[in-house]
Amino acid sequence: MSGNNKTVYRSSTTAPVNIAVIKYWGKRDEVLNLPTNSSLSVTLSQSDLRAHTTASCSDSYPHAEGDTLTLNSQPQNIRTSKRTLACLADLRAHRRALEDANQSLPKLSTFPLRIVSENNFPTAAGLASSAAGFAALVRAVADLYELPQSPSELSRIARQGSGSACRSLMGGYVAWISGSEADGSDSLAQEVAPASHWPDMRALILVVSDAKKDVPSTEGMQSTFRTSPLFPSRVSSVVPERMTGMENAIRARDFTAFAEITMRDSNNFHATCLDTWPPIFYMNDTSRAAIRAVHDMNRAAGETICAYTFDAGPNAVIYYLEKDADRVLGTFRQALNLDTEGFGNIKPSQASLLGAIDPRA
Ligand code: ADP
Ligand code: DP6
Ligand code: CO
């Protein structure tokens, strides 16, 4: 790269959402964003739910303004967002190291950054916007700075923006290993299996509400951590056993085991929310109707053909296998009175799971 002081350097990327089957809920370190437990998710690479982010920098941008972030056309106050600042500081430090080693590189690390991001799905509604958003932000700036860091190394940076974001830097089945180091150096995402390992896995997203949640994830999990007497047993025994069970289920492509662990972990997470003081309710009547529909469908089928999971919001994600698509989609349309337009402003989208995100796509 070469340029004069008017040159604008730019890079764009998209990142998909990921939906956890073993939930992250609770921080052992709020500053570094270190979790109380490991978690595991599926990256919905083929879904329509994505953050699209463009990062640019130039010596001609007003230095006094510093870095800026525009989200869904609204300027954000980046100076009060310690977590965004932490991501940008780490990315800049990596760029500076490159510039120190190679004096002919343009000094991008000294230029103000402009980051512009759009989510094509509801933000802060329990559909993992923070995951797609911070994964896209980190990837866009890393590409702009031409950083050599691997997805796992970048996941450590994205984790500081939003914990779940570390898992959206990889495709397929991804574990976020809690780690034990105080500085968070071993708290990062690792691929459990690529999407191609289980190519017939599907996810149906039921958008029950696209409204912004009352209790943001960060606040909710801090409150649960402080006040729920159920929470310690989730961290010490429930989740560790399920992580092993889930990794085995994925390796063996055992949908029955995958589904039971997924549903039980969603229920256990929401039980700790109800056990929080004052209680937090993320699910609503429609969410509970979806839970009943899944159990009814599995009972009627005489086998497990689908599994529900809910993040911190009322929207259901239903995992199933392609062979059962007609039964699962058909029953959902009927059970939840879904017409072809779906709920809210979004059509229920069927996502097949393929490949990792391509940063340069
Ligand atoms: P969700 O369930 O959607 O992940 P959270 O409460 O975890 O909701 O996080 C929502 C917050 O994540 C937003 O208020 C915003 O600060 C941040 N966020 C969402 N999308 C983006 C994005 N594309 N780029 C940067 N930050 C984002
Ligand atoms: C229920 O990653 O959004 O979706 O780290 O505070 O930004 P912060 O929280 P966030 O929490 C996600 C919680 C969850 C479960 C999960 O994705 O594992
Ligand atoms: Co989130």
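No lab work stands behind these numbers, since they all come straight from the coordinates. Model, not experiment: these values are computed from the prediction. Every residue, glycine among them, receives a Cβ derived from its backbone with ideal geometry; neighbour counts consider all protein chains shown.
In this structure the amide hydrogen of Leu188, modeled in the peptide plane, comes within under 5 Å of the amide hydrogens of Ile177, none closer than 5 places in sequence on its chain.
Annotation for the range 203-295: chymotrypsin sites (Phe, Trp or Tyr not before Pro) lying in DSSP loop with at most 14 further Cβ atoms inside 10 Å of their Cβ are Phe281. Springs between Cα atoms under 10 Å define the GNM used for the chain, and in it the highest mean-square fluctuation of Tyr61, Tyr320, Tyr145 occurs at Tyr61. Between Ala93 and Glu146, the simple spin-label model (points 7 angstrom out along Cα→Cβ) gives 2.3 nm. The local environment of Glu322, defined by Cβ-Cβ distances under 11 Å, has a net charge of -1 under the rule Lys, Arg +1 and Asp, Glu -1.
Rounded if a/c is under 1.5, else prolate if a/b beats b/c, else oblate: with a ≥ b ≥ c from the C-alpha gyration tensor eigenvalues square-rooted, which is the chain? The partial results should precede the final answer.
Details: a/c = 1.85, a/b = 1.68, b/c = 1.10.
Because a/c hits 1.5 or more and a/b exceeds b/c, the chain counts as prolate.
Amide H contacts of Leu113: Asp67, Thr68, each under 5 Å away and 5 or more positions distant or on a separate chain (H built 1.01 Å from N in the peptide plane; Pro and chain starts excluded).
By the beta-carbon count within 10 Å of each Cβ, the least crowded to most crowded order of Thr224, Thr53, Thr286, Thr80, fewest first, is Thr80, Thr286, Thr224, Thr53.
For a modelled paramagnetic label at Arg327, 7 Å from Cα along Cα-to-Cβ, the residues of the range 233-258 in reach, with backbone nitrogen under 15 Å, are 255-257. For Arg50, the amide hydrogen comes within under 5 Å of the amide hydrogens of Asn120, Phe121, counting only partners 5 or more places away or on other chains and with H modelled in the peptide plane. Antiparallel beta bridges, as assigned by DSSP with both residues in the chain, represent about 90 percent of the total such bridges. The HN-Hα couplings worked out from phi for the range 149-154 by the Karplus form 6.51 cos²θ - 1.76 cosθ + 1.60 (θ = phi - 60°) are 4, 6, x, 4, 5, 5 Hz, whole numbers, x standing for Gly and Pro.
Per-residue ellipticity at 222 nm, computed for the chain from helices alone with -39500 (n - 2.57) per DSSP H run of at least four residues, works out to -11000 deg cm²/dmol.
A straight line joining the Cα centroids of the range 279-332 and the range 131-201 runs 27 Å.
Using DSSP to define loop residues, name the GluC sites (Glu not before Pro) in the range 72-155 whose beta-carbon has at most 16 other beta-carbon atoms within 10 Å.
Numbers: sites: Glu99, Glu118, Glu146, Glu153; in loops: Glu146.
The qualifying sites are Glu146.
Put in order of Cβ neighbour count within 10 Å, fewest first, the listed residues Trp176, Trp198 become Trp198, Trp176. Couplings for the range 237-253, taken from phi via the Karplus curve 6.51 cos²θ - 1.76 cosθ + 1.60 with θ = phi - 60°, read 10, 5, 5, x, 5, 5, 4, 5, x, 5, 4, 5, 4, 5, 4, 8, 6 Hz in order; Gly and Pro are left as x.
Taking the chain as a Gaussian network of alpha-carbon nodes connected by springs under 10 Å, the highest mean-square fluctuation of the residues Arg167, Arg299, Arg202 belongs to Arg299. In this label model, Thr70 and Ser185 are separated by 4.0 nm, measuring between points 7 Å along each Cα→Cβ vector.
Could you line up Lys6, Lys23, Lys323, Lys213 from fewest to most neighbouring Cβ atoms inside 10 Å?
Working: Lys6 8, Lys23 27, Lys323 12, Lys213 19.
The most exposed by this proxy come first: Lys6, Lys323, Lys213, Lys23.
For a straight C-alpha distance cut-off of 15 angstrom, the aspartates and glutamates reachable from Lys212 (same-chain residues fewer than eight places away being disregarded) are Asp311.
Given a cut-off of under 8 Å on Cα pairs at least six residues apart, what relative contact order in percent is computed for the chain? Walk me through the intermediate numbers first.
Details: 775 pairs, mean separation 84.4, N = 361.
Once normalised by length, the contact order is 23 percent.
Multiplying the residue separation of Thr218 and Ala271 by 0.36 nm and removing their Cα-Cα distance gives an extension gain of 17.4 nm.
In the distance distribution for the range 135-253, Cα-Cα pairs more than 24 Å apart total 43 percent.
Rounded to the nearest whole Hz, the Karplus-based 3J(HN,Hα) values (6.51 cos²θ - 1.76 cosθ + 1.60, θ = phi - 60°) of the range 173-190 follow the sequence 9, 10, 9, 9, 7, 3, x, 10, 6, 5, 8, x, 5, 10, 9, 8, 8, 9, with x at glycine and proline.
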